[in-house]
Amino acid sequence: MPAETSQTLDRGLRVLTVLASAPDGLTITELALQLDVNRTVVYRLVSTLEQHALVRRSARGRLHVGLGMLHLASAVHPLVRDVAVPVLRALAEAVGCTAHLTVAEGDEGLALAVVEPSWTDFHVSYRVGSRHPLHQGAAGKAILAGRDGDLAPYVVTEGELQAGARGLAAPLPGIKGLEASVGIVTLGALDAGEVGPRVVTAVEELTERLG
């Protein structure tokens with residue numbers, strides 16, 4: 001016997017899902033068309049979600065996901081971090097570079113977990129909580145590549161966030177509601193052909209653990 005469900009809650013969650021996939025926002029009419037729901041019903045749903053800061057309305061009247069979603073997302077961060085640290089530690093020790101997990105928050109990348117190698121003479125110190133624009137650095141660019149469906153397995157950058165630093169990152173796919181990347185950063189030489197597949201393997205392992 002199928003479990004009883006709430007149609008109103010289901011519709012509200014669908015509103016958030018649709019808006020999360022619409023970076024330019026939607027009008028009430030456009031949202032109603034996508035959901036195949038009466039405009040009056042959508043208006044009531046949006047009004048309720050606005051009261052909880054889960055939906056915001058722009059000056060042009062277009063609807064977007066609200067900042068309240070960040071508070072909900074941040075509650076999941078400790079769980080993701082705990083799962084990621086062992087994977088990042090193995091990666092850092094294997095390649096001798098600082099390994100990190102970066103998640104998207106709006107137009108920025110947030111360093112959610114960082115592990116430095118224990119055996120190297122020097123390595124990049126990368127602080128948990130560091131933020132940078134998604135269009136700068138390997139971690140952010142990998143997230144954007146995953147968002148755009150880019151088939152390249154990883155992204156390589158040099159000197160975009162720190163002079164002399166080289167970064168390599170791969171998008172974390174298939175985790176609904178989580179846009180993230182796994183990467184490494186180093187001040188030394190970077191053999192992408194050697195390190196890249198290791199980062200991709202770390203992504204696959206983390207995806208399996210989170211899935």
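The values are calculated or read from the model by the stated rules, or taken from the named source; none is laboratory data. The structure presented is a predicted model; accordingly, all values stated were derived computationally and were not measured. Neighbour counts are summed over all protein chains in view; Cβ atoms, including those assigned to glycine, are modelled from backbone coordinates with ideal geometry. Just the protein is used for accessible areas: all its heavy atoms, side chains included, with ligands, DNA and RNA removed. Shrake-Rupley method; radii C 1.70, N 1.55, O 1.52, S 1.80 Å.
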>> Given axes a ≥ b ≥ c from the Cα gyration tensor, I'd like to know whether the chain is rounded (a/c under 1.5), prolate (a/b larger than b/c) or oblate.
In response: prolate
> Under a point-charge model restricted to the Cβ atoms of Lys and Arg (+1) and Asp and Glu (-1), what is the dipole moment magnitude of the range 1-75 relative to its Cα centre, in debye to the nearest 20?
Replying inline: 260 debye
> Can you pull the percent of the range 110-202's accessible area that's carbon plus sulfur, 1.4 Å probe, other chains left in place?
Replying inline: 53 percent
>> So if I place +1 on the C-beta of Lys and Arg and -1 on the C-beta of Asp and Glu, and nothing else carries charge, what would the dipole magnitude of the range 37-132 be about its Cα centre? I want it in debye, nearest 20.
In response: 760 debye
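Which whole-number percent gives the relative contact order of the chain, counting Cα pairs below 8 Å spaced six or more residues apart? Provide the component values of the computation, followed by the final result.
Working: 358 pairs, mean separation 29.9, N = 211.
This gives 14 percent for the chain.
Let me check something: with ligands and nucleic acids excluded, how do Tyr43, Tyr126, Tyr154 order by accessible area (1.4 Å probe), largest to smallest? All intermediate terms of the calculation are to be shown ahead of the outcome.
Working: Tyr43 125, Tyr126 45, Tyr154 65 Å².
Output order, biggest surface exposure first: Tyr43, Tyr154, Tyr126.
Can you check what the net charge comes to around Val15, using other residues whose Cβ is under 14 Å from the Cβ of Val15 (Lys, Arg +1; Asp, Glu -1)? Before the final figure, lay out each step's value.
Values: positive: Arg11, Arg14, Arg39, Arg44, Arg56, Arg57, Arg62; negative: Asp10, Glu30, Asp36, Glu50.
In short, +3.
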> Along the range 26-32, what does the Karplus equation 6.51 cos²θ - 1.76 cosθ + 1.60 (θ = phi - 60°) give for ³J(HN,Hα), rounded to whole Hz, x for Gly and Pro?
Replying inline: 9, 7, 4, 5, 4, 5, 4
> Stretched out fully, how many nm does the piece from Val18 to Asp191 gain, at 0.36 nm a residue minus the Cα gap?
Replying inline: 58.2 nm
> Can you give the Rg to Rh ratio for the range 34-157, taking only C-alpha atoms and Rh from Kirkwood?
Replying inline: 1.10
>> I'd like the GluC sites (Glu not before Pro) in the range 1-107 restricted to DSSP loop residues with at most 15 other Cβ atoms within 10 Å, sorted by number.
In response: Glu4
> How big is the charge dipole of the chain about its Cα centre, in debye rounded to the nearest 20, if each Lys and Arg gets +1 on its Cβ and each Asp and Glu gets -1 on its Cβ?
Replying inline: 820 debye
> Could you state the number of Å between the C-alpha centres of the range 93-130 and the range 151-168?
Replying inline: 13 Å
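Could you work out the longest stretch of the chain that avoids the trypsin sites (Lys or Arg not before Pro) located in DSSP loops with at most 15 other Cβ atoms within 10 Å?
With a cap of 15 other Cβ atoms within 10 Å, the longest stretch comes to 61-126.
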>> Under the rule of at least 5 residues apart or a separate chain, name every residue whose amide H is placed under 5 Å from the amide H of Thr27.
In response: Leu63
>> Tell me the carbon and sulfur percent of the accessible area for the range 1-104, rounded to whole percent, probe radius 1.4 Å.
In response: 56 percent
> Once phi is turned into θ = phi - 60°, what whole-Hz ³J(HN,Hα) does the Karplus curve with 6.51, -1.76 and 1.60 give for every residue of the range 188-193, x standing for Gly and Pro?
Replying inline: x, 5, 10, 8, 4, x
> Using modelled amide H (1.01 Å from N, peptide plane; none on Pro or chain starts), what sits under 5 Å from the amide H of Thr98, excluding residues fewer than 5 places away?
Replying inline: Val124, Val185
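Roll a 1.4 Å probe over the protein chains and send me the accessible area per residue for the range 156-197 in Å². It would help to have the intermediate numbers written out before the result.
Details: 1960 Å² over 42 residues.
Computed with neighbouring chains in place, this is 47 Å² per residue.
Net charge around Ser118, counting only other residues with Cβ within less than 11 Å of its Cβ (Lys, Arg = +1; Asp, Glu = -1)? Don't skip to the answer; put the middle values down first.
Working: positive: Arg89; negative: Glu93, Glu116.
Result for the neighbourhood of Ser118: -1.
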> When the helices in the chain are scored as -39500 (n - 2.57) per DSSP H run of 4 or longer and the sum is shared across all residues, what 222 nm value do you end up with, to the nearest 500 deg cm²/dmol?
Replying inline: -14500 deg cm²/dmol
> If you take the charge dipole of the chain about its Cα centre, with +1 on Lys and Arg Cβ and -1 on Asp and Glu Cβ, which of Pro133, Gly211, Ser21 is farthest toward its positive end?
Replying inline: Ser21
> Relative to the longest principal axis of the chain, what angle (0 to 90°, nearest 10) does the C-alpha long axis of helix 68-95 take?
Replying inline: 20 degrees
> From the residues Ala92, Leu63, Gly109, which one has its Cα farthest along the dipole of the range 62-117 in the positive direction, the dipole being from +1 and -1 charges on Cβ of Lys/Arg and Asp/Glu about the Cα centre?
Replying inline: Leu63
> Per-residue HN-Hα couplings for the range 142-147, Karplus 6.51 cos²θ - 1.76 cosθ + 1.60 at θ = phi - 60°, whole Hz, x for Gly and Pro?
Replying inline: 5, 4, 5, 5, x, 5
> What is the extension gain from His77 to Ser6, computed as 0.36 nm multiplied by their sequence separation minus the C-alpha to C-alpha distance, in nm to one decimal?
Replying inline: 22.8 nm
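Just the accessible area per residue of the range 44-155, please: how many Å² with a 1.4 Å probe?
Values: 5920 Å² over 112 residues.
I get 53 Å² per residue for this part.
Please compute the contact order of the range 98-146 in relative form: average sequence separation of alpha-carbon pairs under 8 Å and at least six residues apart, divided by the residue count, as a percent.
Taking the mean separation of contacting Cα pairs over the length of the range 98-146, I get 36 percent.
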